[in-house]
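Quick notes on the structure that follows.
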Amino acid sequence: MDIKTEINECLGLYQKITEEYPQELNLDELHEVTGRYAKIKEYRDRINEYPQEVQTACEFILTTKCSKEERAKFFACISNNPKAFSIDKKETFVEKRQRMADMAKEIGIETPILFHLVSVAKLKGILGKGDELVEEYRSLLKQYLE
């Protein structure tokens, strides 16, 4: 199965969990893991069968507040240049923010959206400590963008 299919299926499972999660908590059903809760657990178990990188990519997609096009532009940017957001020790905070603002214009994303995407990518572990694309996600993003 290809990465794009895996991510789409995993996203579908997350969507089912969101749709089927009860508005009011029923502790008896929850402890017995029956009905809705059993179905939700089944979805979670199926999600856990996907590789960790696919799960993380789905969490990133679900967490980010932007359009698919903006997300795709961000993915293409870091896929083509894994060190696009890497930290330069000589660069000041203001200089890095300005560099990112310039990059946002270059790739066609509003600056606050790019800052949001970079922040979430760091939190989810897609960008590593040096703010560069983690090796495990390089091939995943390339396949996803195809």
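The values are calculated or read from the model by the stated rules, or taken from the named source; none is laboratory data. Please read these numbers as outputs of a predicted model, since none were measured by experiment. When we count neighbours, we look across all protein chains shown, and the Cβ atoms used for this are built from the backbone with ideal geometry, even at glycine.
Annotation note: of Ile78, Ile87, Ile109, Ile113, the sole residue that is hydrophobic (A, V, I, L, M, F, W, C), under 25 Å from Pro51 (Cα atoms) and not assigned by TED's automatic domain parsing to the domain that holds Ile3 is Ile78. Scanning the stretch 101-133 for residues that are outside any helix (DSSP H, G or I) and surrounded by 19 or more Cβ atoms within 10 Å (Cβ to Cβ) turns up Ile109, Ile126, Leu127, Leu133. Of all residues in the stretch 119-144, those that are in contact with a helix residue (DSSP H, G or I) (Cβ under 7 Å, 6 or more places away or on another chain) and not charged (D, E, K, R) total 11. Each residue in the stretch 69-86 was checked for being within 11 Å of Leu145 (Cα to Cα) and assigned to a loop (DSSP other than H, G, I, E, B), and 0 of them qualify.
Yes or no: the stretch 80-102 includes at least one residue that is closer than 25 Å to Lys4 by Cα and hydroxyl-bearing (Ser, Thr, Tyr).
Residues of the stretch 80-102 that are closer than 25 Å to Lys4 by Cα, as a first pass: 80-85.
Cutting the leftovers down to hydroxyl-bearing (Ser, Thr, Tyr) gives us none.
No: the stretch 80-102 contains no residue that is closer than 25 Å to Lys4 by Cα and hydroxyl-bearing (Ser, Thr, Tyr).
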